[in-house]
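The structure appears right after this line, and notes come after that.
Readers should treat all values here as calculations from the given coordinates under stated rules, not as data from a laboratory. What you see is a predicted model; the values in this text were computed from it and never measured. Heads up, the Cβs are rebuilt from the backbone with ideal geometry, glycines too, and the neighbour counts pull from every protein chain shown.
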């Protein structure tokens, strides 16, 4: 296995937490926190996440920061391996092959992760069917780029409002787009977990991307999360908790809110905040 360069924080434990000392190391100009919990109804955590910055100031200016969240599927070992492979491969390819185009680097990482998961499944036949969602963001200066497959989500919280930047690759997502299901009913739909795209599934993968860079401004907050959060905690409550707390406390309160509603799935959240001046 490769040894990633730069500052990497990645956990898949039942409970994981980035302390304030690590947040300061990640960047002097951005607060970052992440937390993952197995939930109340699962015996293992198939989510993985990663926060990464390059090892030098020069590379930080050129490559920026990277955050990735993935929600694996395919059973106890298959889901864990798929999500692990996704976050590690995306980071490795982004760092190794970066030529100045963050969007291109993210897509290349997704394609490589898709192939890597399929190869792993071929080498381990007992894990056939393994796959994972994946949502990754790159922030260079004030420019945000993202790539996305599955139903893990990326939200932007700005000026008191929350908006979703990704669209779910799911059966229910298609029903919403066709007008057959109301958006407000999608989160509780009994078939919301049926995905139409995932890394490791199908012959080819076409990630959803940001067609143009999204310009971030002071006070903006980014939230990456798996469906263990958004499927049980309403967006209005997510918005309130994230805005009213520093990132570490917001992560903790979001996890608690999901657990209070039964915690039916693994729950992972990453929060990135640009401080107001």
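Some observations on this one:
- Size descriptor, Kirkwood hydrodynamic radius, that averages inverse alpha-carbon separations across region 190-277, Å: 15.0
- Region 213-277 and region 81-154 have Cα centres lying 22 Å from one another.
- Each residue, residue 217 and residue 203, gets one label point 7 Å from its Cα in the Cβ direction; the gap between the two is 4.6 nm.
- Extension reserve of the residue 236-residue 101 stretch, reckoned as 0.36 nm per residue once the Cα distance is removed: 45.2 nm
- Approximate shape of region 61-133 as ellipsoid semi-axes (Cα gyration tensor, √5λ), whole Å, largest first: 25, 11, 8
- Stretch gain in nm, segment residue 119-residue 40, where the contour uses 0.36 nm per residue and the Cα spacing is subtracted: 25.2 nm
- Fewest-first ranking of 194, 209, using other Cβ atoms within 10 Å as the exposure measure: 194, 209
- Order by protection proxy (mean Cβ within 10 Å, highest first), peptides 231-237, 90-96, 212-218, 46-52: 46-52, 90-96, 231-237, 212-218
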